[in-house]
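Here is the structure we will look at, set down as structure tokens.
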Amino acid sequence: MNDLLLCAPILVAAGTGILVMALDLLSGRDDPRKGFLGVVTAAGLAIAAVLAVTLWPGAPAFEMSFLKGVLIVDGFVAFFSALVLATGAAAALLAVDHLPEQGIEPGAFQTLLAFSATGALAFVAAADLVTMFLGLEVMSLAVYALAASKRSSGFATEAGLKYFVLGGLASAFLLFGVAFLYGATGSLDLAGIAAGLAGGASSAGADRVLPQVALVLLLVAMGFKVAAVPFHFWTPDVYEGAPTPVTAYMAGAVKAAGFAVLSRLILTVYQAPSWGGLPLSPADALLGLAVLTMVVGNVLGVVQDDVKRILAYSSIAHAGYLLLGVWATDPATRALNDGVPFYLLAYVAATVGAFGVVSLLGARGEEDMRLPRLAGLSKRHPVLAAVLLVCVLSLAGIPPFGGFMGKFNLFKAVLAADPASNVTWVVVAVLNSLVALYYYLRILLYAYFREPEVVSGDDVAAAGHAPAIRSAPAWAAIGVAALASLYLGILPGRMMAASGSAASAAVVRPDLSAALAAPAALAPGKSSPAPAPASPTVSRRAAVRDAGRDAARDATRNDRDAARNDRDAAHSRSAAPGTRPPRPPRPSRFAAPPAGGGSGR
Amino acid sequence: MHALVRDNVGTLLWVVVFAPLAGAIVNGILGPRLKRGTVSLVGVGAPVVAFVASALATWGLAGREAVSTTLFTWIQAGPIRVDLSLWLDPLSAVMILIVTGIGSLIHLYSTGYMHGDPSYSRYFSHLNLFLFAMLLLVLGKSLLLLFVGWEGVGLCSYLLIGFWFDDMAKAVAGKKAFLVNRIGDFGFLLGMFVLVFWMEGSLDVPALRDAVDMGGGHFVPGGTGVMLVTLALFLGATGKSAQIPLHVWLPDAMAGPTPVSALIHAATMVTAGVYMIARLNFLFALAPTTMAIVALTGAATALFAASIGLVQNDIKKVLAYSTVSQLGYMVLGAGVGAFGAGVFHLMTHAFFKACLFLGAGSVIHAMAGCQDIRLMGGLGKRMPWTRATFLVSTLAIAGVPLLSGFFSKDEILYKTLALQPASGPVAGWIGPLCFAMALAAALLTATYMFRLYFLTFSGELRSHHAHPHESPASMTIPLVVLAAGAALAGYVGLPIEHLNFWEHWLHPVFEDGAARFVSTGSHALEYGLMGVSTVVACGGIALAWALWRGPLTHVPAKAAAAAGGFYRLVCDRYRIDELYDAIAIRPFQALARVTHRWLDAFGIDAVLVNGPPRAVGWIGSIVRVAANGDVQAYAAALFVGLAVLLWLVIP
């Protein structure tokens, strides 16, 4: 029962897809009121989001019996799931009136959107690599279809196909990486792999090649999903060709989910202390990708003339900043940089708002959004122009908008992680933001300071005189996005706190299922693990972790650890769940003295 | 009733200041949508309300030294604290009565003068805003607040000189006025900054006065520091009150509408410099050297401007130079320690010069915009009211006995000779020299003013295009009121000890400053000088009559020919503008051109601003070749990335 309750957000999202499919069938084929399907989708996803943030952050208090080892639900997952679901809801609202304009059939579209969000939830919440792969595929396959959903347009079809082919390649890499990891550790769940890799630290160098290759493959696959250079090539073409609500979804939800999994995977699996001796530590690879991504994204953004392509390169550049944030973990705590979730939140709000405005302007089957089409927007549609202004300035990182607070906190945290050596990379990132200003301001230049060229007859629409789509749901979505950008910039406190607690939960600690480290535990739930004999590796990790923590974090983490230990204990005793017994004495294996001085990455 | 007013002076002061601001806001924002009558009602109503409040506040002040009222703390930064406080003492009471009283009349006059103007509401909005700033200047308790008003009137002056900004010459005149004033403002600011340090944060005038009274510290009589500070402040006064060497903007400022010239560039704003010196009399009196420089500047300006006034042919230019000259008298009065006399002349001058300017406006109105007095003549018959009021004011400014100008000018002349610093004169010749220049200026004043009068109103009309007519009542009523003031205002300051209400009223303000001067004069000297003044005034009038109306009309042309180069020099206003152009403006423009071309256009724009984006764009255009839309190429890139990473990984 607890399993069902805890899965509720995922079930609601999936149920929304099924409901929309049914409603689509029930309503007539050419019902002009198909727009309500979008509203239903948005409502369903919003409910799922609310369930996620209410149920999941406190989840360790529950007992998850059957799905233990399949799904992890905690504050981290709740944060990113809510972000993904909200983006999905926004995309659904944006699509309500966009689809008829573009001649896209709404029923299938909204169904696919809901299923894609379902997949994204499973992807984010996965506790083992198979579930993760499954989630990724459910999410991605739906998005491939969504990108190509405008069948009348060769442009969109090409985008969908391109994304599909390359995405298939990336999935293959991921699968390869999973296989290698399994080969190296004999485990498929995150915590087990982490324990396995840590255990292999003392073994011969040949054993380390396998996980290293796996790391590269996983990085390539995840880098593809978050559009990191050099795996980004599909991004501008697909963002440009896909219907704009889908673009918003890809730039927001898919990227957020990708980053959630990327950071959890990298931090959980590859932050073992044993990696220092290898030629390429995961940290080096991440840093290289981060710098390359932000530089290439911004430089190429400068030469674009199409708003959607500019925003595509902007999203690539933002992936670069985020990778830098994921890279710069605090060496003491090894937790995720607490600026990352907030940055993603601010980025997603702004980018969804910006693409939302673009989707409202792309009327009458026009995907082409060259900059001159924005000319005079501030006069024709002052509200749309204002939303664009807020969102673009937020993306550019100008106060008082969310993007600024995001960048500020992210860079601050990167600096705090290692003040001496990270300053170079923060300077690089800030210089990149400066370059980015050029293309962001170009958008605003056209929207606010350029008069539309005087044209006659049929060219009117092409030159930017086409009326914007009138759509209350879409206006609500972009309005919320713009207000969120403002809110995050002016009153960031609440969301910063949420971001901090999400970040602190990002790393799945091996002690969650330390007992599963043994290959015998591959089938979770079959045998209830008794407290395993203390493995020297685990105890050392625990000791290192304990030593490096500051007092405040210590308190909360200990609480959580205690809760988890309670749960483990309760599980083995089959005691009644749902209540939180008082904190027991720590199991003896945690009290083992530190063996060796293993530290650093 | 008196008790009620007495208790509410503070509130009244805020009414005084904010009524014009409210008028400015209403007309400024809603003006274009309001009916012309409503605009007039708001525009004239605001100063009238302010005037009534001023009169009540002054009544409520009677018997007390000062009333202060604070709205809120404006600036609080470390030790520096500036409150938004108003300060009403006898001096500011006089000033607000002049500003709002004459201001009301000029606003009324404007409803007639500006009747057909398309920017009617903008005009009244700016004029009301000017009143607000001027009243803030006068009532500000802190020097900083005074400076806010100082800049505010400068802004309004700029806006109103360039009121018809589509005429390039007028727009340029406005800019010139603003820029020349900035030079003076620089001095004012410098003086204030030093004072802030000396005062450890407070710039309140009463606090400053107490500090000076206490003595010690930096406030040493005759000290160098005080001298430099007062000189810096005086530089501000020369800018605002158009004294040598910063007088050049005022004649050009006549480009504004004539009522503006009357209000801002004759009666009120230009006297701000004199007001500031009078306000800080206790400080200036500490520095005899500064005072000598002030006196010499004033006297020289009085003579210099009067000589130019003699050869001008534009009716407003004559009055402009006359204003510069009369401001010289006021500054002279302040410079010799006769602060009361300086402010007295300020007050009488406000009446007769406002009347003269409005009369000139009436003439220009009648002549359909023509301002050249060589084309006028014989207007007296057609414009009896204008003529009569103009004549009264001309007599007053010429210094004919029993009219206001006589009393005020004579008092300045007398005190120039009689007063000297208690610590001894800086140099013995300064007093007599100033007196001589002022007396010569008095002669010239009578001459050029009556030249103006005769050429304009008597004889026969020399223009064949104009059809002069008397102006409407809205214009003649203010003329009559102002002429009455010009005739009678002098009687508040009769040169008889117990009848001199003026000195008595202002005594508390100037007590400290005046105490540092001793009088060496006597009643005999005073009455003797009255005789001299009378002779000079009548002589000047007679000269003007003879040269431009009577038997010697051929002489001026001959004299001009005889004087040759000097005559042309005077006609060209001593070529001061050309001098400034050569030594300041051209070098500065050259510098600006070089800076613009090399530092800004090349260094900053081309290299620093556009350089990096170009470079980035250039790199981008090369890199973008990779993004060619080809799926196979993209997939290949994926593999290349994977290969590179793997190559790095495999040991």
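The values are calculated or read from the model by the stated rules, or taken from the named source; none is laboratory data. Computed from a predicted model, the values in this text were never measured in an experiment. Counting neighbours? That spans all protein chains shown, and the Cβs are built from the backbone with ideal geometry, glycine included. Just the protein is used for accessible areas: all its heavy atoms, side chains included, with ligands, DNA and RNA removed. Shrake-Rupley method; radii C 1.70, N 1.55, O 1.52, S 1.80 Å.
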Residues from region A:226-249 losing no less than 50 square angstrom of accessible surface in the full protein assembly compared with the chain alone, 1.4 angstrom probe, ligands and nucleic acids excluded, are A:Phe231, A:Phe233
Rounded FRET efficiency, nearest 0.05, which uses the C-beta distance separating B:Val220 from B:Leu155 and R0 of 45 Å: 0.75
Using a 1.4 Å probe on heavy atoms of the protein chains only, the accessible area for B:Arg597 in Å², nearest 10, reads 140
For A:Lys34, tell me the accessible area in Å² from a 1.4 Å probe, rounded to the nearest 10. 20
Of all accessible heavy-atom area on region B:532-612, the percent that carbon and sulfur account for (1.4 Å): 71
Using only the heavy atoms of the protein chains and a 1.4 Å probe, how would A:Met496, B:Met114 rank by accessible area, largest first? A:Met496, B:Met114
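Hey, if we sort B:Cys538, B:Cys571, B:Cys156 by accessible area with the 1.4 Å probe, largest down, what's the order?
Values: B:Cys538 65, B:Cys571 40, B:Cys156 0 Å².
The ordering from most to least exposed comes out as B:Cys538, B:Cys571, B:Cys156.
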Note to self: C-alpha centroids of region B:523-547 and region A:371-450 sit apart, in Å, by 77
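Per residue of A:296-303, what is the mean number of Cβ atoms on other protein chains within 10 angstrom of that residue's Cβ?
Mean number of neighbouring Cβ atoms from other chains: 6.
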Treat each spin label as a single point 7 Å out from the Cα along the C-beta direction, and report the A:Tyr438 to B:Ile477 distance in nm. 6.8
Fraction of accessible area attributable to carbon and sulfur, region A:129-271 (%, probe 1.4 Å): 72
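Once you sort the root eigenvalues of the Cα gyration tensor of region B:610-651 as a ≥ b ≥ c, which label holds: rounded (a/c under 1.5), prolate (a/b larger than b/c) or oblate (the other case)?
Values: a/c = 6.69, a/b = 1.71, b/c = 3.92.
Oblate.
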Points 7 angstrom from Cα along the Cβ direction at A:Lys412 and B:Val623: gap in nanometres? 3.0
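Sort the protein assembly as shown into rounded, prolate or oblate with this rule: let a ≥ b ≥ c be the square roots of the eigenvalues of the Cα gyration tensor; rounded if a/c is under 1.5, and if a/c is not under 1.5, prolate when a/b is larger than b/c, oblate otherwise. Intermediate results must be reported in sequence, preceding the final value.
Details: a/c = 3.15, a/b = 2.46, b/c = 1.28.
Because a/c hits 1.5 or more and a/b exceeds b/c, the protein assembly as shown counts as prolate.
Rounded to the nearest 100 Å², what is the sum over both chains of accessible area buried where A meets B, with a probe of 1.4 Å? Kindly include the intermediate steps, with their values, before the conclusion.
Numbers: alone 22310 and 26550 Å², together 46410 Å².
Approximately 2400 Å² gets buried when A meets B.
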Give the lysines whose C-alpha is closer than 19 Å to that of A:Lys34, dropping any in the same chain fewer than 8 places away, or say none. A:Lys150
Rounded to whole Hz and in sequence order, give me ³J(HN,Hα) for region B:376-390 from the Karplus expression 6.51 cos²θ - 1.76 cosθ + 1.60, θ = phi - 60°, writing x for Gly and Pro. 8, x, x, 6, x, 5, 7, 10, x, 5, 4, 4, 4, 5, 4
If each part is reduced to its alpha-carbon centroid, region A:220-266 and region A:296-354 end up apart, in Å, by 11
Residue (of A:Leu377, A:Pro400, A:Phe176) at the positive-pole extreme of region A:158-504, dipole from beta-carbon charges: A:Pro400
Using a 1.4 Å probe on the protein heavy atoms only, what accessible surface does A:Tyr438 show? Give it in Å² to the nearest 10. 90
Alpha-carbon centroid distance for the pair region B:319-398 / region B:424-462, whole angstrom: 13
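Keeping all protein chains in place and using 1.4 angstrom, which order do A:Asp305, A:Asp97, B:Asp166 fall into by accessible surface area, from largest down?
Working: A:Asp305 80, A:Asp97 50, B:Asp166 135 Å².
Per-residue accessible area, sorted high to low, gives B:Asp166, A:Asp305, A:Asp97.
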List, in the order given, every pair from A:Lys162/A:Lys412; B:Lys170/B:Lys240; B:Lys35/B:Lys353; A:Lys255/A:Lys308 whose Cα-Cα distance in the structure shown is over 28 Å. A:Lys162/A:Lys412; B:Lys35/B:Lys353
Which residue, B:Asn281, B:Leu391, B:Met168, has the largest displacement toward the positive end of the dipole of chain B when charges sit on each Cβ (Lys, Arg +1; Asp, Glu -1)? B:Met168
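Find the accessible area per residue for the protein assembly as shown; the probe is 1.4 Å, ligands and nucleic acids are left out, and the unit is Å². Write down the numbers at each step before the final one.
On the way: 46410 Å² over 1252 residues.
On a per-residue basis, 37 Å².
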Residues meeting the amide H criterion for B:Phe517 (H placed from the backbone, H to H distance under 5 Å, 5 or more places apart or on another chain) are B:Ala422
Filtered hits (lysines, Cα-Cα < 19 Å from A:Lys68, offset >= 8 within chain) -> A:Lys526
Cut-off 11 Å between beta-carbons: net charge of the residues surrounding B:Ala173, Lys and Arg +1, Asp and Glu -1: +1
Whole-Hz Karplus ³J(HN,Hα) for region A:385-392, in order, using 6.51 cos²θ - 1.76 cosθ + 1.60 and θ = phi - 60°, x for Gly and Pro? 5, 5, 4, 4, 4, 4, 5, 5
Row for region B:305-371, column shape: gyration tensor on C-alpha, a ≥ b ≥ c, rounded if a/c < 1.5 i.e. under 1.5, prolate if a/b over b/c, else oblate; value oblate
For B:Asp204, the residues 5 or more places away or on another chain with a placed amide H closer than 5 Å to its own amide H are B:Leu143
Can you tell which of B:Pro468, A:Leu218, B:Gln243 lies farthest toward the positive end of the dipole of the protein assembly as shown, using +1 and -1 charges on the Cβ of basic and acidic side chains (Lys, Arg; Asp, Glu)? B:Pro468
